[in-house]
Structure formats: structure tokens, C-alpha cells
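Following: one structure in C-alpha cells, then a few remarks.
Every number in this text was worked out from the coordinates using simple rules, so none of it is lab data. These numbers come from a predicted model, not from an experiment. All Cβ positions, even for glycine, are placed from backbone atoms using ideal geometry, and neighbour counts span all protein chains on display.
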Amino acid sequence: SCAAASLVNPYGWGLHAHVIQYLRSDWIRSVVQEFQSPSFRNENMLQFEALLFIGLIAAGARFHRGKVIDGLWILALGYMSLSSVRHVPVFVTVAGPLLAVEMTSWWKAWVGNATAKSSLGILNQMGFEVVRGFQRFSLWIPLAVVALASSGSITTWPEDFPSLMFPTAMVHAHEQEILDSRVLTTDQWADYLIYLHPQQKVFVDGRSDFYGPEIGNQFLDLMRGLPGWEKVIEKYRFNLALIPVDTAAAQLLKLSPQWRVEADDGKHILLVLRKPREAGSSN
């Protein structure tokens, strides 16, 4: 029934054919970061790495206990998360409860034979009393929730995209100018511009499957400052660039007399193409 319902879309079976073609594209896998293997260079990935090692041990333990399906889920999702960073959240979501169950059994086996006066016995008794208290008094649960809610600062509902990842302040300060321009920006920032104004015209955005290798490679060559980047600028007649400061394209455009820096906050830079008279006077 679910398979039949998936055909109820404007493209029919063509949507499924597109998904299969997209997932089999070597170009997509080689240039789109989320389809590549994870890089263990930040805190989130180090946490995933720890869960992955624990998962391998837990999978063997689940097999030993006869829980074959649990072990297969951990191994399959672990393999998928190593082949594509997109699958890391799926691995954590599915394998997390299985690891918690297995680690609980390890704890019980570790402290089960400890004497009441030993350090392990005291920890075991404390844990037992806490669990028994939660089971006996339902009031503990709302009290715990209130304590957690009041322990930190009030979390407000986000009104914009995160400023750590997107040039939100710069975009809002030059919103109309960006909207009226032929914009060169990153695919992720282009998604943000389109979200703010659906009529916004951008070079590329996150829909890399629709742009394809030809336009995608032109974009990558331009951002990396590879030979021929000027021809891409001329071909698509960009008159505004909103790009990260540390890209090769930003450095090259800053050196070009035809472009002037409109805004620069150290992470994001907004460059505007000079008008012919302005460019002539700058020389």
C-alpha cells in the first residue's frame, strides 16, 4: 500500500526513476559533502565515533543473546553511516536505544555480585533507590522536568536561520540590493536567499541533481579560482557576490579593479560589480 501511495505524485513513476538516478550518480557522490564519508574532526563526529565502537561490541553481545535482528540493525546502519554522513543521524536514532539496553545489562552484571559495603554496591543501591523512588512517586517526574527547564537560559523559538552558518545580518542589511542582482553565492546560502524571497535568482542552490555536472563543475571551478573562472563570471553576468571570505573566489574578486567590497564581517563578504564609470575612475 505504501509503495502504491508513493506513485500518487505529479511525476508518477518518474519520481522513483529520478531518485534512483540521483543516488547512482558518481558526480553527486564525489562533490556533495553529505554523501561522502564522515570526517572525525569535530565534537559531534567524535561522539558518533564512540557510539560506533560501542555499537560494534554491542552487536556481538546481541548476537550472543540471540537478538540477531538487533545486531544486524547496528552493523548495517553503522556501515551505512561510514559510507555517507547522511546516515549518521539514522544510526544514532536507531542504534542508541539498543546500545542503552545492552549497556544497562553490562552495568547490572558488573555490580550484581558486589557487596553492600563496597563502592560498587553503594552505587548499585543508590541507583536502585532512585529507580524505586520514581516508580513510587509520580510527582518526581514533573519536578525533574521543572528543574531541567529552570536550570538554563530560556530557549526562544528561532526567528531566522542560524547566524553561525548563514550570513543573516549581511543579507538583511542588503536585502533589496541582493534581490535585484544576479547573485553568485554558495549552494547552501542560495537556499536561504530563496527561502526569504522565492523569486530570488541564483546561480546554483542545494538541488544539485537538477543543475547537473556541467553547471556544478563551473560553480566549483569558479569558487576554487581555477583557470577560466573569469569566463564563468562573464558568461552568467554576475553583478553581486555573497561568498565566504576564505574562498579563492573572494580573494580574486577583492583584487579585481572591477569589483568593490560592500561588506565584510571576517566570515562573509559581499562584493558588488563596479559600474563602467566607477570602474574607469578606480583605475
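Excluding residue 221 itself, what net charge comes from residues whose Cβ is under 15 Å from its Cβ, given Lys and Arg +1 and Asp and Glu -1?
Result for the local shell: -1.
Highest mobility in the GNM of the chain, judged by mean-square fluctuation with C-alpha springs under 10 Å and restricted to 233, 141, 54, is found for 141. Taking 0.36 nm per residue of separation and subtracting the current Cα-Cα distance, fully stretching the chain between residue 255 and residue 34 would add 76.3 nm. If the chain linking residue 265 and residue 196 were pulled fully straight, counting 0.36 nm for each residue of separation and taking away their Cα-Cα distance, it would gain 22.7 nm.
Give the residue from 192, 13, 253 lying farthest towards the positive end of the charge dipole for the chain; charges sit on Cβ (+1 for Lys and Arg, -1 for Asp and Glu) and the dipole is referred to the Cα centre. With unit charges placed on the Cβ atoms, the residue in question is 13.
Annotation: amide H of residue 245 within the under-5 Å range of 268, 269, sequence separation 5 or more or interchain, hydrogens built in the peptide plane.
Among all helices in the chain defined by DSSP H, which have a length of 30 Å or more along the axis from Cα atoms plus a Kyte-Doolittle mean of at least -0.5?
Once both thresholds are applied, what remains is 43-64, 88-111.
Taking the Cβ of residue 88 as the centre, find all other residues whose Cβ is under 11 Å away and add up their charges (Lys, Arg: +1; Asp, Glu: -1). Around residue 88, the charge tally is -1. Considering only the chain, what is the antiparallel percent among its DSSP beta bridges, to the nearest 5? Within the chain, antiparallel bridges account for around 70 percent of the total. Couplings for segment 174-186, taken from phi via the Karplus curve 6.51 cos²θ - 1.76 cosθ + 1.60 with θ = phi - 60°, read 10, 4, 5, 4, 5, 4, 8, 10, 8, 9, 9, 8, 6 Hz in order; Gly and Pro are left as x. Rounded to the nearest 0.05, the FRET efficiency derived from the C-beta distance between residue 16 and residue 230 at R0 = 41 Å is 0.50. When +1 charges are put on Lys and Arg Cβ atoms and -1 charges on Asp and Glu Cβ atoms, the dipole computed for the chain relative to its Cα centre reaches about 720 debye.
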